[in-house]
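Notes to accompany the following structure.
The values are calculated or read from the model by the stated rules, or taken from the named source; none is laboratory data. Note that the structure is a prediction, hence the values are computed from the model and not measured. Cβ: placed from backbone, ideal geometry, glycine included. Neighbour counts: every protein chain shown.
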Amino acid sequence: MKGLNSLFLAAMMLAVPFLAQAEQMPEFHIIIKNHKFQPAEVVVPANTKVKLIVENQDATPEEFESHEMHREKIIAGNKTAKILIGPLKPGKYPFFGEFNQDTAQGMVIAE
Ligand SMILES: [Cu+2]
């Protein structure tokens, strides 16, 4: 019993930092509406993992795509997707909606 308890404790001590890290991950909300990103520019901390929460308010699907950030994710109409990015070096990282590239253009700015 004692052995199990200390094993459990050791597991908790390992798990807690990971949980804390996940909770502290900065989140940024982006809305897709009328085939545009709002906001179109998102400033995120450099050298940090961040979570983009992309809410597609259009009825049609969109694909969030970024070659620079190596991300590609289809978001169905009226659905929300979470996209983890980073840690990014300071700089500009374009993204676009592949299904509506004429209007759906955005930029992550890491600084
Ligand atoms: Cu694509």
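Annotation: L84 fulfils all but one of (1) assigned to a strand (DSSP E or B); (2) within 16 Å of the ligand (Cβ to nearest atom); (3) surrounded by fewer than 20 Cβ atoms within 10 Å (Cβ to Cβ); the unmet one is (2).
Sort through Q57, Q101 and tell me the only one that's of a type in the set (S, T, N, Q) and within 15 Å of the ligand (Cβ to nearest atom). Steps first, answer last, please.
Details: Q57 fails: within 15 Å of the ligand (Cβ to nearest atom).
Being of a type in the set (S, T, N, Q) and within 15 Å of the ligand (Cβ to nearest atom) holds for just one of Q57, Q101, which is Q101.
When E41 is tested against (1) more than 17 Å from M25 (Cα to Cα); (2) within 16 Å of the ligand (Cβ to nearest atom), exactly one condition is not met: (2).
Listed by first and then second residue, the pairs with beta-carbon distance under 7 Å, at least 6 apart or on different chains, first residue in region 64-85 and in contact (Cβ under 8 Å) with a residue 12 or more places away in the chain, second more than 12 Å from the ligand (Cβ to nearest atom) and not in a strand (DSSP E or B), are G77/D58; G77/A59; G77/T60; N78/Q57; N78/A59; L84/K49; I85/M69.
Is there a residue in region 46-54 that is surrounded by 15 or more Cβ atoms within 10 Å (Cβ to Cβ), at pLDDT 95 or above and hydroxyl-bearing (S, T, Y)? Checked region 46-54: no residue is surrounded by 15 or more Cβ atoms within 10 Å (Cβ to Cβ), at pLDDT 95 or above and hydroxyl-bearing (S, T, Y).
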